[in-house]
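The values are calculated or read from the model by the stated rules, or taken from the named source; none is laboratory data. Remember, predicted model here, so these are calculated numbers, not experimental data. Methodologically, a virtual Cβ is constructed for each residue, glycine included, from the backbone with ideal geometry; neighbour enumeration extends over all protein chains shown. Surface areas here come from the heavy atoms of the whole protein model, side chains and all, with no ligands, DNA or RNA. Shrake-Rupley method; radii C 1.70, N 1.55, O 1.52, S 1.80 Å.
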Amino acid sequence: KVRHYKFEVEYIYWSPDCEERMMIGINGRFPGPTIRAKAGDTIVVELRNSLPTEGVVIHWHGIKQLGTPWADGTASISQCAVNPDETFVYRFQVDKAGTYFYHGHYGMQRAAGLYGSLIVDTADGEEEPFHYDGELSLLLSDWWHESVHVQMLGLASIPFRWVGEPQAILINGRGQYNCSLAAHLTGETSSCKITNNQCAPVVLQVRPNKTYRLRIASTTSLSALNLAIANHNMTVVEADGNYVEPVTVNDMDIYSGESYSVIIKTDQNSSLNHWISIGIRGRLPKTQNALAILNYHPNSPSKLPSYKPPVTPQWNDYTHSKEFTYKILAMHGTQAPPANSDRRIALLNTQNKIDGYIKWSINNISLVLPSTPYLGSMRFNLKNAFDTEKPPENFSEHYDVMRPPINPNSTKGSSVYKLKFNSTIDVVLQNTNALTGNVSEIHPWHLHGHDFWVLGHGDGKFRKNDVSKFNLRNPPLRNTVVIFPYGWTAIRFVANNPGVWAFHCHIEPHLHMGMGIILAEGIELISKIPNEALACGITGQVLMNNKRH
Ligand SMILES: O=C1O[C@H]([C@@H](O)CO)C(O)=C1O
């Protein structure tokens with residue numbers, strides 16, 4: 001079945017946390033419309049850019065774009081940004097049931113509010129491997145009062161101006177700035193005066209003694225989150241569109257770019273409503289926990305729970321976070337990874353400097369995207385479109401990951417990791433100390449165009465004999481994985497999807513500061529790229545010079 005959507009992207013006034021700001025909306029609203037389809041369907045989104053003076057693209061996060069690499073929605077990588085007043089048609093298949101989302105992938109437009117949910121149900125006649133009576137959905141994000149233009153300027157300034165912590169965590173696009181819905185119970189802050197529907201608390205309506213599937217996705221710009229539902233445990237059954245071995249937890253972490261489904265049973269005191277609480281992990285929080293209400297029928301949805309919300313774990317309790325992450329394993333019967341890889345790429349993640357500007361680099365190269373998107377320039381073998389030298393596969397074995405870089409000076413580049421089609425690739429992501437001593441941060445890495453198996457995590461520096469500890473039996477399949485402070489994470493994937501794919505830290509300011517790499521495979525197998533994806537830079541010149549193209 002073909003499912004048609006029309007998206008008009010424009011600036012809107014909106015009050016996501018009860019304070020009015022400018023945001024990027026779709027069809028006059030924030031967040032964007034939910035796309036809902038069945039596995040195997042074709043999605044068609046006619047994207048009209050009504051931003052007065054900026055280009056736009058939309059990335060369909062978690063969708064592999066098999067056979068349609070030009071629809072991945074990455075500016076400078078898969079397509080030319082769509083100009084103001086122009087329309088671009090995304091047409092792609094959703095191959096696999098799961099919880100996904102979509103978001104802007106140009107500059108920091110995601111952080112300006114350009115996102116929404118994308119949910120794929122099983123194909124007709126197929127069933128999920130778990131039962132539920134009803135479904136609920138939470139799309140999580142974080143929000144700053146400063147516009148993304150000011151944020152981008154600060155990141156690209158000397159002295160550096162970091163974006164800082166968000167003013168609010170949003171649930172389904174709604175939050176409350178500098179106040180708490182539970183203030184009357186905790187007394188910590190002022191209570192919220194909800195003056196606007198746009199920031200009204202999220203209420204999930206349930207009936208007692210039923211089973212619900214709760215879909216949770218995070219498109220935060222920065223924040224790692226922890227979610228807990230008071231008096232209810234959660235059984236995780238899906239991660240990033242892949243089934244996992246059911247595991248029951250009291251609270252769960254979710255990093256930017258990840259999605260989960262959890263099963264909850266509404267078997268608690270049904271004369272009460274219950275809190276859902278979301279707090280920040282990995283960075284010293286300055287943001288109020290976000291609260292939502294699990295509303296048991298027939299209680300009034302506006303009746304606040306009469307007890308304190310659950311306290312999410314300490315921001316720096318990494319032991320707790322690792323425990324959760326390590327518990328997520330593939331559901332029995334999931335395709336196992338190939339036993340061996342053909343190539344191992346080690347990627348050192350460092351914060352460093354270029355001409356005094358603070359950047360993030362991978363093997364000492366900070367990613368700068370070219371003006372002509374890679375997909376077209378590589379397909380047509382055009383010269384001078386990007387740096388053509390081979391990017392480094394490794395880093396010095398003497399690098400001390402526990403200390404700030406000895407030489408903080410980095411270089412910028414746009415080179416591509418070219419992968420042999422159908423080869424098996426291992427990537428080891430190595431975290432390090434940032435520029436300041438005793439600081440190492442969480443980075444969620446997202447791969448476009450593929451799922452990968454998470455073979456293992458470890459503390460400190462990756463050693464050759466860590467390979468023997470790789471989990472080849474039931475590693476989870478995912479599209480986003482975290483690297484913990486001072487740790488490493490190893491993944492494996494098969495380079496079987498012709499196209500050019502970004503692999504990057506999903507923290508929006510970190511990507512903007514160069515924290516990513518570009519992968520390419522099977523370029524000669526790519527079928528005709530729509531002209532609209534090519535109409536800029538030197539591919540645009542080729543189109544003009546060769547009308548038969
Ligand atoms: O990229 C970053 O910069 C700041 C800090 O390291 C320098 O102010 C921070 O916390 C980041 O994640």
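What is the residue count in region 344-358 for residues that are open to solvent by less than 50 Å² (accessible area, probe 1.4 Å) and within 25 Å of residue 487 (Cβ to Cβ)? Even if it seems obvious, please write down each step before you answer.
Just the residues of region 344-358 that are open to solvent by less than 50 Å² (accessible area, probe 1.4 Å), to begin with: 345-352, 354, 356, 358.
If we keep only those that are within 25 Å of residue 487 (Cβ to Cβ) as well, we get 345-352, 358.
Residues that pass the stated criteria total 9.
Check off (1) in a helix (DSSP H, G or I); (2) touching a Ser or Thr at 6+ places or on another chain (Cβ under 9 Å) for residue 435 and give me the number that stays unchecked.
Going through (1) in a helix (DSSP H, G or I); (2) touching a Ser or Thr at 6+ places or on another chain (Cβ under 9 Å) one by one, residue 435 breaks only (1).
With the requirement that a residue be part of a loop (DSSP other than H, G, I, E, B) and surrounded by 14 or more Cβ atoms within 10 Å (Cβ to Cβ), what does region 281-300 give you? Don't jump to the end; show me each part of the working.
If we filter region 281-300 for residues that are part of a loop (DSSP other than H, G, I, E, B), which is where we start, we get 282-289, 297-300.
Scanning region 281-300 gives 282, 283, 285, 287, 288, 289, 299.
Is region 265-280 home to any residue that is under 21 Å from the mean Cα position of the chain (by Cα), crowded, with 19+ Cβ neighbours inside 10 Å and part of a loop (DSSP other than H, G, I, E, B)?
No, region 265-280 contains no residue that is under 21 Å from the mean Cα position of the chain (by Cα), crowded, with 19+ Cβ neighbours inside 10 Å and part of a loop (DSSP other than H, G, I, E, B).
For region 503-527, which positions are in a loop (DSSP other than H, G, I, E, B) and modelled with pLDDT of 95 or more? Quick ask: steps written out before the conclusion?
We begin by selecting, within region 503-527, every residue in a loop (DSSP other than H, G, I, E, B); these are 506-507, 513-515, 522, 526-527.
Correct list: 506, 507, 513, 514, 515, 522, 526.
Which residues, taken from region 155-169, are more than 9 Å from the ligand (Cβ to nearest atom) and within 15 Å of residue 441 (Cβ to Cβ)? Working first, answer last.
Filtering region 155-169 for residues more than 9 Å from the ligand (Cβ to nearest atom) gives 156-159, 165-169.
The one that is more than 9 Å from the ligand (Cβ to nearest atom) and within 15 Å of residue 441 (Cβ to Cβ): 165.
Where in region 1-113 are the strands (runs of 3 or more DSSP E), entirely inside, with at least 3 residues that are in contact with a helix residue (DSSP H, G or I) (Cβ under 6 Å, 6 or more places away or on another chain) and either crowded, with 21+ Cβ neighbours inside 10 Å or of a type in the set (Lys, Arg) (or both)?
On the way: elements: 2-14, 21-26, 35-38, 42-49, 58-61, 87-93, 98-104.
The strands (runs of 3 or more DSSP E) meeting that bar are 87-93.
Could you please find all residues in region 399-445 being aliphatic (A, V, I, L, M) and within 15 Å of the ligand (Cβ to nearest atom)?
Of region 399-445, the ones aliphatic (A, V, I, L, M) are 401-402, 406, 416, 419, 425, 427-429, 434-435, 439, 442.
Answer for region 399-445, where residues must be aliphatic (A, V, I, L, M) and within 15 Å of the ligand (Cβ to nearest atom): 434, 435, 439, 442.
What's the total number of residues in region 172-220 that are within 30 Å of residue 263 (Cβ to Cβ) and not basic (Lys, Arg)?
Here is the first cut: in region 172-220, the residues within 30 Å of residue 263 (Cβ to Cβ) are 172-176, 180-182, 185-186, 199-220.
Narrowing further to those that are not basic (Lys, Arg): 172-173, 175-176, 180-182, 185-186, 199-206, 208-209, 211-212, 214, 216-220.
Qualifying residue count for the region: 27.
(1) in contact with a strand residue (DSSP E or B) (Cβ under 6 Å, 6 or more places away or on another chain); (2) assigned by TED's automatic domain parsing to the domain that holds residue 496: which one isn't true of residue 315, the others all being true?
Exception for residue 315: condition (2).
Kindly indicate whether residue 345 is within 16 Å of the ligand (Cβ to nearest atom), β-branched (Val, Ile, Thr) and more than 23 Å from residue 226 (Cα to Cα). Show your work before the answer.
Details: within 16 Å of the ligand (Cβ to nearest atom): no; β-branched (Val, Ile, Thr): yes; more than 23 Å from residue 226 (Cα to Cα): yes.
Judged against the criteria, residue 345 is not a match.
Could you look through region 315-337, keep only residues that are assigned to a loop (DSSP other than H, G, I, E, B) and surrounded by 15 or more Cβ atoms within 10 Å (Cβ to Cβ), and pick out the one that is nearest to the chain's Cα centre (by Cα)? Even if it seems obvious, please write down each step before you answer.
Of region 315-337, the ones assigned to a loop (DSSP other than H, G, I, E, B) are 315-317, 328-329, 331-337.
Next, from what is left, pick out any that are surrounded by 15 or more Cβ atoms within 10 Å (Cβ to Cβ): 315, 328-329, 331, 334, 337.
Working: 315: 20, 328: 18, 329: 20, 331: 22, 334: 23, 337: 23 Å.
Among those that are assigned to a loop (DSSP other than H, G, I, E, B) and surrounded by 15 or more Cβ atoms within 10 Å (Cβ to Cβ), it is 328.
Working only within region 107-154, note down all residues that are within 24 Å of residue 61 (Cα to Cα), within 16 Å of the ligand (Cβ to nearest atom) and not assigned by TED's automatic domain parsing to the domain that holds residue 10.
Scanning region 107-154 gives 142, 144, 148, 151, 152.
Of all residues in region 265-323, how many are of a type outside the set (Gly, Ala, Ser) and in contact with a helix residue (DSSP H, G or I) (Cβ under 9 Å, 6 or more places away or on another chain)? Steps first, please.
The initial filter retains those residues of region 265-323 that are of a type outside the set (Gly, Ala, Ser), namely 265-269, 272-276, 278, 280-281, 283-289, 291, 293-299, 301, 303-305, 307-320, 322-323.
Next, only the ones that are in contact with a helix residue (DSSP H, G or I) (Cβ under 9 Å, 6 or more places away or on another chain) stay: 281, 304-305, 307-309, 313-314.
Of the residues in region 265-323, 8 are of a type outside the set (Gly, Ala, Ser) and in contact with a helix residue (DSSP H, G or I) (Cβ under 9 Å, 6 or more places away or on another chain).
To keep it simple, each residue is scored yes or no on (1) crowded, with 18+ Cβ neighbours inside 10 Å; (2) among the acidic types (Asp, Glu); (3) within 21 Å of residue 72 (Cβ to Cβ).
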{"site": "459", "(1), (2), (3)": "no, yes, no"}
{"site": "469", "(1), (2), (3)": "no, no, no"}
{"site": "475", "(1), (2), (3)": "yes, no, no"}
{"site": "478", "(1), (2), (3)": "yes, no, yes"}
{"site": "481", "(1), (2), (3)": "yes, no, yes"}
{"site": "487", "(1), (2), (3)": "yes, no, no"}
{"site": "493", "(1), (2), (3)": "yes, no, yes"}
{"site": "497", "(1), (2), (3)": "yes, no, yes"}
{"site": "510", "(1), (2), (3)": "yes, no, yes"}
